[in-house]
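I have placed the structure first, in the form of structure tokens, so that the comments after it can refer back to it.
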Amino acid sequence: MSTFREAIETEDMDAAEALLADDVVFRSPVAFAPYPGKAITNAILRSVAEVFEDFRYVREIRDGRNHALVFEATIDDLTVTGCDFLVYDENDRIVDFMVMVRPLKAAQALATRMAQRYPDIQAAALAWAESSR
């Protein structure tokens, strides 16, 4: 099994999906309410992978079940720096996934791009949940 970082860096979204717990909670940098569940988290991650350009992890911090991955990317010609904060359960599945990004202008661009995609994200999450039954 690959690590989350390896999965993202090799663009293996199926491997990234396999690392998510069924009850994972995704905490977006641009939405107030968290998104509970593997289906919506998987759909969001796949969409973000298409929105960010030149995505790369530049730093990694690990402390037991807590994992922080600092990244850089481009969105709408803006450089974004962010961090994926991951919490793993006893089975090495991600149960909490929080993302923070900066600067504000890049976060606003991300919010706009993801809002445009949200109907497709919801549809993908529903289709994934149906196929997983």
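The table below gives the values:
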read-out: Qualifying residue in the range 71-94 (condition: in contact with a strand residue (DSSP E or B) (Cβ under 8 Å, 6 or more places away or on another chain), within 20 Å of W128 (Cα to Cα) and part of a strand (DSSP E or B)); value: yes
read-out: Which listed residue, of A39, A21, A33, is assigned to a helix (DSSP H, G or I) and either in contact with a Lys or Arg (Cβ under 6 Å, 6 or more places away or on another chain) or of a type in the set (G, A, S) (or both); value: A39
read-out: Residues of the range 79-92 that turn out to be crowded, with 16+ Cβ neighbours inside 10 Å and farther than 16 Å from Y57 by Cα, as a count; value: 2
read-out: Of all residues in the range 62-78 being over 17 Å from R93 (Cα atoms) and hydrophobic (A, V, I, L, M, F, W, C), the one that is most open to solvent (accessible area, probe 1.4 Å); value: L78
read-out: Only listed residue being farther than 21 Å from S2 by Cβ, small (G, A, S), touching a residue at least 60 places away in the same chain (Cβ under 8 Å) and surrounded by fewer than 16 Cβ atoms within 10 Å (Cβ to Cβ), chosen from A107, A125, A111; value: A111
read-out: Of residues in the range 18-30 being surrounded by fewer than 17 Cβ atoms within 10 Å (Cβ to Cβ) and at pLDDT 95 or above, the one nearest to L104 (Cα to Cα); value: R27
read-out: Count of the range 31-60 residues which are farther than 16 Å from E72 by Cα and open to solvent by 60 Å² or more (accessible area, probe 1.4 Å); value: 4
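The values are calculated or read from the model by the stated rules, or taken from the named source; none is laboratory data. Treat the numbers as computed from the prediction; the structure is a model and nothing was measured. When we count neighbours, we look across all protein chains shown, and the Cβ atoms used for this are built from the backbone with ideal geometry, even at glycine. Just the protein is used for accessible areas: all its heavy atoms, side chains included, with ligands, DNA and RNA removed. Shrake-Rupley method; radii C 1.70, N 1.55, O 1.52, S 1.80 Å.
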